[in-house]
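Asks: I am attaching a structure below and will ask some questions about it afterwards.
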Amino acid sequence: MELQKFYYDNKIPKLFAIACIFWGVIGMLVGVLIAFQLAFPVLNFGIEYTTFGRVRPIHTNAVIFAFVGNGIFTGVYYSLPRLLKTPMWSNALSKIHFWGWQLIIVAAALSLAMGYTSGKEYAELEWPIDIAITLIWVAFGINIFGTILTRRERHLYVAIWFFIASWVTIAMLHIVNSFELPVSFMKSYSWYAGVQDALVQWWYGHNAVAFFLTTPYLGLMYYFLPKAAGRPVYSYKLSIVHFWSLIFLYIWAGPHHLLYTALPDWAQSLGTAFSIMLLLPSWGGMLNGLFTLRGAWDKVREDPVLKFFVVAVTCYGMATFEGPMLSLKNVNAISHYSDWTIAHVHIGALGWNGFLTFGMMYWLIPKLFDTKLYSKKLAATHFWIGTLGIILYAIPMYWAAFRSYFMLSAFTPEGQLQYQFIDVVQTVVPFYVLRALGGTLYLAGVLIMVYNLIKTAKQGSFVATEAAEAAPLTKQYVAPAKAHWHSFIERKPITLLVLSLIVVGIGGLVEMVPTFLIKSNIPTLSSVKPYTPLELQGRDIYISEGCYNCHSQMIRPFRYEVARYGDYSKAGEFVYDHPFQWGSKRTGPDLAREGGKYPDSWHFNHMIEPVSMSPGSIMPTYPWLYEKQIDIASTKSKIYAMRKLGVPYPKNYEAVANDDLKKQADGIVENLRKDKINIKSDKQIIALIAYLQRLGKDIKAEQSSSTKTQ
Amino acid sequence: MSIIILIAAVSILIAGGFLIAFLWGVKDGQFDDDFAPPNRILFDDTIKTKNQK
């Protein structure tokens with residue numbers, strides 16, 4: 001067999017590595033800002049672009065898609081050619097992928113700051129960016145499969161399966177969840193409504209965690225951990241078993257984000273059952289990673305790379321133990337809407353994703369620059385500061401979650417709620433300060449890494465390409481007499497792709513199709529009516545300001561929630577909600593039954609100075625809502641789009657919608673005037689008040705009418 | 001409405017098929033060569049003289 005000479009490209013991995021670290025620092029900096037904002041609301045600065053509701057999505061999108069995303073691509077573009085003994089299929093596609101992805105990140109940050117959001121967590125980006133993501137993702141996929149098809153190594157190493165499964169599933173998730181009807185440039189409505197939207201969103205949300213934050217990083221672990229330790233993975237068999245079981249189980253777990261909500265019970269139970277099963281393949285991966293270091297623990301003492309990997313894999317194990325526990329309904333009753341969830345994701349994000357990335361960088365950058373790490377001591381310092389940062393982040397959050405649960409669920413002997421919501425907020429604020437300090441510590445460690453890596457790069461010289469030699473694959477592959485069946489799939493990437501699609505598709509289908517089609521899942525309530533044009537505009541402002549980041553609209557059927565917020569939420573209440581706004585965190589109280597609780601003037605004063613109505617509140621102020629005008633030119637297309645999505649507005653209603661809008665706005669202005677407040681009826685605050693006063697009103701009307709008839 | 005039951009049934013059937021195929025593979029000792037691939041990645045195939053084009 002003749003050896004062929006070829007070159008591995010290091011330029012693209014270097015670019016992705018720089019982007020990963022750059023966006024990582026930005027994303028974490030924003031994270032530290034919003035962490036302090038929760039403790040000190042003055043840090044919202046009273047400016048729309050820096051207010052929590054808009055900045056928090058920037059943080060989440062930046063760390064997930066910019067930091068971790070570029071981290072994945074760094075690892076894939078470095079390891080894939082070396083595992084397959086061939087350069088990436090197309091250098092042009094690699095470049096398109098790199099620059100396209102960075103442009104998307106910039107567009108995402110700008111548009112989120114400007115308030116363009118679809119209002120669905122971790123999928124906030126508006127439709128033009130969604131399309132751009134799809135195109136770049138396809139370019140990435142073509143490049144991966146092109147490389148696999150032109151490989152010189154027949155066997156597909158386990159890491160490659162993880163990359164393939166991740167690519168396929170993310171493509172599917174992104175397309176399904178981003179189904180939206182554009183209303184204008186940078187504004188769209190989710191195709192789905194209410195319960196269905198919630199199910200699709202959390203099917204996406206959970207699997208984004210699974211197939212963006214977990215499986216690609218497991219692929220990286222299976223490449224970089226053995227490389228750094230200089231020994232093969234503990235059990236290759238285990239890696240195969242846990243790969244298949246992991247991708248098979250993950251796709252079913254999404255509904256555990258919706259326990260005790262208006263989602264049909266059977267779907268909730270399905271999510272719980274599969275989440276618990278997930279413990280096994282997850283721990284298979286963790287143990288496989290840790291056992292790879294058997295007999296090499298002395299190296300861990302010396303090598304900062306291995307130190308980071310060990311804590312990363314341990315955090316993976318902790319987070320994947322915690323996940324199934326949080327999926328138990330009785331545990332979820334405590335954790336849902338609380339800071340526990342925040343602690344949980346940060347064990348995964350800071351520990352697993354962060355530390356694995358740092359370990360990879362400490363190993364990779366010296367390689368790319370043909371030198372040794374500038375300072376092992378600084379890396380060790382980073383390691384300890386980072387670990388302390390994680391602990392200081394997580395423990396206050398757990399503590400805060402339990403305290404707030406016990407306070408929120410406490411009743412006096414007379415049967416009254418013992419604490420106001422604001423009492424809980426006040427109790428939790430000191431923990432928010434501690435958490436912010438933990439995050440700051442973690443970021444400080446990252447900055448030490450940046451310095452260390454720049455010094456490393458400067459002392460070395462960049463190796464742009466590495467020459468390598470390997471024999472080409474023989475044309476006709478003769479299967480050995482006793483080949484195992486799995487090797488058949490391994491040699492056929494397209495088959496593998498299709499099989500992975502089927503495996504993950506089954507999960508999605510079985511869960512979603514019935515909910516979509518069985519009408520009985522969503523009892524329609526005759527009293528629930530579409531939003532008026534003004535309320536619809538107000539709702540879009542609510543979405544745009546990211547109110548859902550702190551306020552839920554979903555009351556669970558517990559005594560302490562019903563007593564605090566009103567009757568528990570029914571599925572039929574949300575049939576016109578494109579998108580749903582159930583939220584996932586209650587930094588502030590639930591708003592599902594907010595309508596009619598307070599007079600219009602309360603909301604007017606509260607939005608400009610929350611502490612004036614609710615002393616001790618940590619809610620930001622929204623002065624610009626009193627300046628900016630309602631975009632009434634968009635009413636027509638919004639009503640039209642909503643009717644397209646099945647909202648029963650009368651025929652040609654869009655022609656007269658603005659008349660109704662003005663009438664209702666004038667009514668609110670009149671109400672405010674009675675309370676000695678003067679404002680023009682075309683300001684955004686009027687629309688927002690209209691929306692807030694509508695929340696939960698329909699079902700209240702039904703209840704009062706049914707009591708009358710009794 | 002029966003279409004849902006049909007889709008669900010077919011889906012679960014395929015899923016079950018995967019599981020059976022997988023268990024069969026394990027029982028049959030199909031994963032025999034779990035030595036070469038994990039070891040192979042540890043060796044670099046790069047030619048020692050670097051930075052050449």
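Derivation of every value follows stated rules applied to the coordinates shown; laboratory data play no part. No experiment lies behind these values; they were computed from the predicted model shown. Counting neighbours? That spans all protein chains shown, and the Cβs are built from the backbone with ideal geometry, glycine included.
Asks: Placing +1 at every Lys and Arg Cβ and -1 at every Asp and Glu Cβ, with all other atoms neutral, what dipole size does the protein assembly as shown have around its Cα centre, in debye to the nearest 20?
Replies: 1440
Asks: Tell me which of A:433, A:345, A:445 sits at the most positive position along the dipole axis of the stretch A:293-474, charges placed on C-beta atoms (Lys, Arg +1; Asp, Glu -1).
Replies: In the stretch A:293-474, that residue is A:445.
Asks: Let me ask something additional. So what's the angle, to the nearest 10 degrees on a 0 to 90 scale, between helix A:11-39 and the longest Cα principal axis of chain A?
Replies: 30
Asks: Have a look at A:211, A:464, A:44 and report the one farthest towards the positive end of the charge dipole of chain A, computed about the Cα centre with Cβ charges (Lys/Arg +1, Asp/Glu -1).
Replies: Ranked along the dipole, the leading option is A:464.
Asks: While we're on this one: Within the stretch A:293-474, how many lysine pairs that are 8 or more places apart, or on different chains, have C-alpha atoms less than 20 Å apart?
Replies: 19
Asks: Enumerate the aspartates and glutamates that residue A:636 could reach by cross-link, defined here as Cα to Cα under 13 Å, with residues fewer than 8 away along the same chain left out.
Replies: The reachable aspartates and glutamates, counting only those whose Cα sits under 13 Å from residue A:636, are A:654, A:659, A:660.
Asks: May I ask you to evaluate 6.51 cos²θ - 1.76 cosθ + 1.60, the Karplus curve with θ = phi - 60°, for each residue of the stretch A:278-291 and list the ³J(HN,Hα) values in order in whole Hz, giving x for glycine and proline?
Replies: These are the phi-based 3J(HN,Hα) values: 4, 3, 5, x, 5, 6, x, x, 5, 5, 4, x, 5, 5 Hz.
Asks: OK, next. To test your reading of the geometry: what angle, between 0 and 90 degrees and rounded to tens, separates the Cα axis of helix A:376-408 from the longest principal axis of chain A?
Replies: Helix A:376-408 sits at roughly 30 degrees to that axis.
Asks: Then there's this: Within 10 Å, count the other beta carbons around each residue, average over each peptide in A:165-177, A:29-41, A:556-568, and list them highest first.
Replies: Numbers: A:165-177: 21.6, A:29-41: 20.1, A:556-568: 16.6.
Ranked by mean Cβ neighbours within 10 Å, highest first: A:165-177, A:29-41, A:556-568.
Asks: Right, next: Using only Cα atoms and rounding to the nearest 10 degrees, what angle (0 to 90) does helix A:194-208 make with the longest principal axis of chain A?
Replies: Helix A:194-208 and the main axis of chain A meet at about 20 degrees.
Asks: Using alpha-carbon pairs under 8 Å, 6+ residues apart, how would you state the relative contact order of the stretch A:85-133 in percent?
Replies: Computed over the stretch A:85-133, the figure is 29 percent.
Asks: Using Cα centres only, tell me the gap between the stretch A:342-385 and the stretch A:179-215 in whole Å.
Replies: Between the Cα centre of the stretch A:342-385 and that of the stretch A:179-215, the gap is 32 Å.
Asks: Per-residue HN-Hα couplings for the stretch A:172-186, Karplus 6.51 cos²θ - 1.76 cosθ + 1.60 at θ = phi - 60°, whole Hz, x for Gly and Pro?
Replies: Result, ordered by residue: 5, 4, 4, 5, 5, 6, 8, 4, 8, 9, x, 9, 8, 5, 6 Hz.
Asks: Let me ask you something else. Quick check for me: using +1 on Lys/Arg Cβ and -1 on Asp/Glu Cβ, what's the dipole size of the stretch A:638-679 about its Cα centre, in debye to the nearest 20?
Replies: In total the dipole reaches around 120 debye.
Asks: Pick out, in residue order, every one of the trypsin sites (Lys or Arg not before Pro) in the stretch A:275-315 that is DSSP loop and has at most 15 other C-beta atoms within 10 Å; say none if there are none.
Replies: Working: sites: A:294, A:299, A:301, A:307; in loops: A:294.
Those satisfying the criteria are A:294.
Asks: Assign unit charges at the C-beta atoms only (+1 for Lys and Arg, -1 for Asp and Glu), then state the dipole size of the stretch A:533-709 relative to its Cα centre in Debye, rounded to the nearest 20.
Replies: For this selection, approximately 280 debye.
Asks: Rank A:282, A:599, A:546 by how far each Cα sits towards the positive end of the charge dipole of the protein assembly as shown (+1 on Lys, Arg Cβ; -1 on Asp, Glu Cβ) and give me just the farthest.
Replies: Towards the positive end, the residue furthest out is A:282.
Asks: Determine the calculated [θ] at 222 nm for chain A from helices alone, applying -39500 (n - 2.57) to every DSSP H run no shorter than 4 residues and normalising by the residue count; nearest 500 deg cm²/dmol. Before the final figure, lay out the partial values.
Replies: Details: 28 runs with 441 residues, N = 710.
Helix-only estimate at 222 nm: -20500 deg cm²/dmol.
Asks: Turning to a different aspect of this structure: Tell me, what is the percent relative contact order of chain A, built from C-alpha pairs under 8 Å that lie six or more residues apart?
Replies: On the way: 1148 pairs, mean separation 125.7, N = 710.
Relative contact order comes out at 18 percent.
Asks: Give me the one-decimal Kirkwood hydrodynamic radius in Å for the stretch A:536-679, with the sum taken over alpha-carbon pairs.
Replies: Computed over Cα pairs of the stretch A:536-679, the Kirkwood hydrodynamic radius comes out at 17.1 Å.
Asks: Given a Förster distance of 22 angstrom, what is the FRET efficiency for residue A:291 paired with residue B:39, based on the Cβ-Cβ distance and rounded to 0.05?
Replies: Here the calculated transfer efficiency is 0.90.
Asks: How many times 2.2 N^0.38 Å is the alpha carbon radius of gyration of the stretch A:247-348? Please report the intermediate quantities before stating the final value.
Replies: Details: Rg = 16.2 Å, N = 102, 2.2 N^0.38 = 12.8 Å.
Taking the Cα Rg and dividing by 2.2 N^0.38 Å, one obtains 1.27.
Asks: Need one value for A:230-241: mean number of C-beta atoms belonging to other chains within 10 Å of its residues' C-beta atoms.
Replies: For this peptide, the per-residue mean of nearby foreign Cβ atoms is 4.
Asks: Let me ask something else about it. I need the fraction of alpha carbon pairs in the protein assembly as shown separated by more than 35 Å, rounded to a whole percent.
Replies: 48
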